[in-house]
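The values are calculated or read from the model by the stated rules, or taken from the named source; none is laboratory data. The shown structure was predicted, so the numbers you read here are calculated from the model rather than taken from an experiment. Glycine gets a Cβ as well: all are built from the backbone with ideal geometry, and neighbour counts include every protein chain shown.
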């Protein structure tokens, strides 16, 4: 989440993922059936999707806290993301700190569409529609420097893996295909 805000601030285009490459243009991935290993962790496909949706909401809430701290509290994301994703988020937090920016308000998950649930691999991929209208970028004087070109609703692709006894976000990036918002 922080990466999107930083990128929007830096180049006035997107809210997340300043340090991560944008998702490739491609058609939506087909939804696969959940195989036996997920049933060991979840009672049904619906339970697996609900867990991924909740994990994304928790990520957004933690990301808002990091943004409001000006990037100082990056470790708040650690329970919700993989180590690799935390490192990618570090770039956004560093940008906030070095440019003396902070984010006030929060974003809201409006829609969540599962695309792939491969529990043999322990992975779930989904599209997420996030309303970022409530999140504003402020400078040290408290001036709103949120890019006016920023879209209020943005579609991201979110990938989750099973790690440390639960689902963790392993990647989030802007989706350049058809929006679900």
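If you scan the range 127-154, which residues turn out to be over 22 Å from residue 176 (Cβ atoms), without any contact (Cβ under 8 Å) to a residue 60 or more places away in the chain and part of a loop (DSSP other than H, G, I, E, B)? Break it down stepwise before answering.
The first filter runs over the range 127-154 and keeps only residues over 22 Å from residue 176 (Cβ atoms), leaving 134, 136-145.
Cutting the leftovers down to without any contact (Cβ under 8 Å) to a residue 60 or more places away in the chain gives us 134, 136, 138-144.
Of everything in the range 127-154, those that are over 22 Å from residue 176 (Cβ atoms), without any contact (Cβ under 8 Å) to a residue 60 or more places away in the chain and part of a loop (DSSP other than H, G, I, E, B) turn out to be 134, 139, 140, 141, 142, 143.
For the range 54-63, state whether one or more residues are assigned to a helix (DSSP H, G or I) and farther than 20 Å from residue 127 by Cβ. Please lay out each step first, then the result.
Initially, the range 54-63 is screened for residues assigned to a helix (DSSP H, G or I), giving 54-63.
Filter again for farther than 20 Å from residue 127 by Cβ, leaving 62.
Yes.
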Filter pass, residue 92 being on the phi > 0 side of the Ramachandran plot and modelled with pLDDT under 95: no
Do we find that residue 71 is crowded, with 19+ Cβ neighbours inside 10 Å, at pLDDT 90 or above, touching a helix residue (DSSP H, G or I) at 6+ places or on another chain (Cβ under 7 Å) and not in a helix (DSSP H, G or I) in this structure? yes
